[in-house]
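Let me begin by presenting the structure, written as structure tokens, before commenting on it.
Values in this text are rule-based calculations from the coordinates and carry no lab data. Remember, it's a predicted structure, so these values are computed and weren't measured experimentally. Quick reminder, even Gly has a Cβ in these numbers, built from the backbone with ideal geometry, and neighbours come from all protein chains shown.
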Amino acid sequence: MKKESSIVKKTKNLSKNIGSIIPESIFYAALEATANGVVITNKKGEIEWVNGAFTELTGYTFLEAIGKNPKILKSWEQSDDVYKNLWSTISAGKVWYGEIVNKRKDGKLYIEEMTISPVVEDEGKVTHFIAIKQDITSRRLAEEKLRESEERLNFAMNTSHTGVWDLNLLDHTAFRSLEHDRIFGYPKLLPEWTYEMFLDHVLQEDREEVSSRFNYAINNKSDWSFECRIRRVDGEIRWIWATGRHHINKAGALQSMLGIVQDITEQKKAEQETLKTEFIADATHELRTPLAIIRGNIDLLARSGLSSSGQNEKINAINGEIEHLTELLSDLTLLASKGNEAYGKINLEKINLNLFLEKIVKRCEILASKKNISINFKKSPDFSFCGDKVYLEKLFLNIIKNAITYGREKGKVTISSILENRFFHIDVADNGIGIKQEEITFIFDRFYRTKEAKSNKHKGSGLGLSISKWVSEAHGGEIKVLESSPKGTTFRISLPLGEI
Ligand SMILES: Nc1ncnc2c1ncn2[C@@H]1O[C@H](COP(=O)(O)OP(=O)(O)O)[C@@H](O)[C@H]1O
Ligand SMILES: [Mg+2]
């Protein structure tokens, strides 16, 4: 039988020395039994013998394969260079080893790991080739999946700015990701990192807490988790959060701790801001009642007719202070409520601009008349927009009152508006003291007042503009200083018309 004669010949060639000891049939059986596909071709590349595993791998039966060229498996997925390299290697009598994408009889592609050994006779002539094949598709797929999931993990770690560390508990050295070292202010991965280097970065005040938590975790084989402040290599102080989990070896001993670290400075700032806001809200709430009582008693005292004219003057001064405190408390309450779901909500309603501004101007007239300031309100073409009446009233009162407060005696305040697409701008211009260019960026900060304003007899809080800025932004608009010079200032409030 052809099948038998070819394997007999091969086994003879392959086992020159042991052929006499082990019967040929054993070699035949061994090749047939192997889990790898085996193909034997003659020197022209025609298949002379295949084993059962080859049929399982490729779908071609023994008879279908015999006489064919192994090209029947070619998938065209593979570049010709691979085949050229393969042929030149084995024709030179050398072993070729590599991976090839092949095609099964049913058309399905698979990845094959293959070794081709030429069979060389005494005179050095190649007579046959033996190919050993193994399907490694699932191995490659698993590797690809692993690589993909590693990539995903890296992406998540990098985008969330999470550093990874693996601390050897025996010598305290650690492997880290680049992001880890970046968190501590190093632009590149340091050649070495130790637990002690980490502790050096932790602020003195937090060090004891961090290391005692570490020792506790080691002694109890528990997780290590903490927040602390660190001084980066550039001197900047930042907040970090880190957590680590033990890796225990088969003998039950602690070997290493694997963990992550994140820079949480921004979160901390936001948390502190919330605490501050809550404190302001609580404090202003508590101050309101005693202030109302003082106010009521002063009123009673003034009306009782018991006080002398000198005392009346003092009562008026106290009333002025109470007025200022009341306003301050109301501003603080408003500022503390911004961003607070329950209180800082914008309630939109339809507002007619001319009617709305007219009312506000009226409310400012007494204040203006005290300084002989004339308010020139230039009406716009009639239109309505969508906004929160209470908050916008606060905004425009602030700006117009500022124009009067920081305006000159016998001065002028002009209010005009421009409609532009879906936006409108309201300009409030005065011919007052002006704001220095370098101070313009600060006037919208809470409690900021210019030197000139502080020397003004008007008692301000420096909160008006920061409230105005918040109100305009909460409406999707903005407020800015359009121009300012020692001759006067123009503020511009821009607001969207909104859905009416
Ligand atoms: N129209 C203006 N002209 C000059 N300075 C102004 C004007 N409006 C505001 N400012 C300056 O901006 C500061 C902040 O304003 P604001 O927040 O309303 O606080 P204040 O309670 O002091 O009025 C004022 O103290 C003043 O220095
Ligand atoms: Mg003000």
Cα convex hull of the stretch 349-496: how many Å³ per residue?
101 Å³
By Cβ neighbour count within 10 Å, fewest first, ASP388, ASP430, ASP200 rank ASP200, ASP388, ASP430
GluC sites (Glu not before Pro) restricted to DSSP loop in the stretch 414-500 with at most 14 other C-beta within 10 Å
GLU499
Cα pair count fraction exceeding 36 Å, expressed as % - the chain
65 percent
Helix 204-220: inclination vs the chain longest Cα principal axis, degrees, rounded to 10, gives 40 degrees
Restricting to lysines and to Cα separations under 20 Å from LYS105, and discarding same-chain partners fewer than 8 apart, the set is LYS68, LYS71, LYS74, LYS133
Pulled fully out, how much extra length does the chain show between LYS370 and GLN134, if you take 0.36 nm times their separation in residues and subtract their Cα-Cα distance?
75.1 nm
C-alpha long axis of helix 309-337 to longest principal axis of the chain, angle in °:
20 degrees
Between the stretch 372-403 and the stretch 247-300, how far is it from one alpha carbon centroid to the other, in angstrom?
37 Å
Give me TYR216, TYR186 ranked fewest to most by other Cβ atoms within 10 Å of their Cβ, as a rough exposure proxy.
TYR216, TYR186
Determine the gain in length on full extension of the stretch LEU355-HIS324; use 0.36 nm per residue of separation and subtract their C-alpha separation, reporting nm with one decimal.
8.3 nm
Check cross-link reach from LYS84 to the aspartates and glutamates: straight Cα distance under 20 Å, and skip same-chain residues fewer than eight apart.
GLU46, GLU99, GLU112, GLU113
Between their Cα atoms, which of LYS371/LYS457; LYS451/LYS487; LYS268/LYS480 are more than 19 Å away from each other?
LYS268/LYS480
For ILE293 and LYS68, compute 0.36 nm times the residue count separating them, minus their Cα-Cα distance, and round to one decimal in nm.
70.2 nm
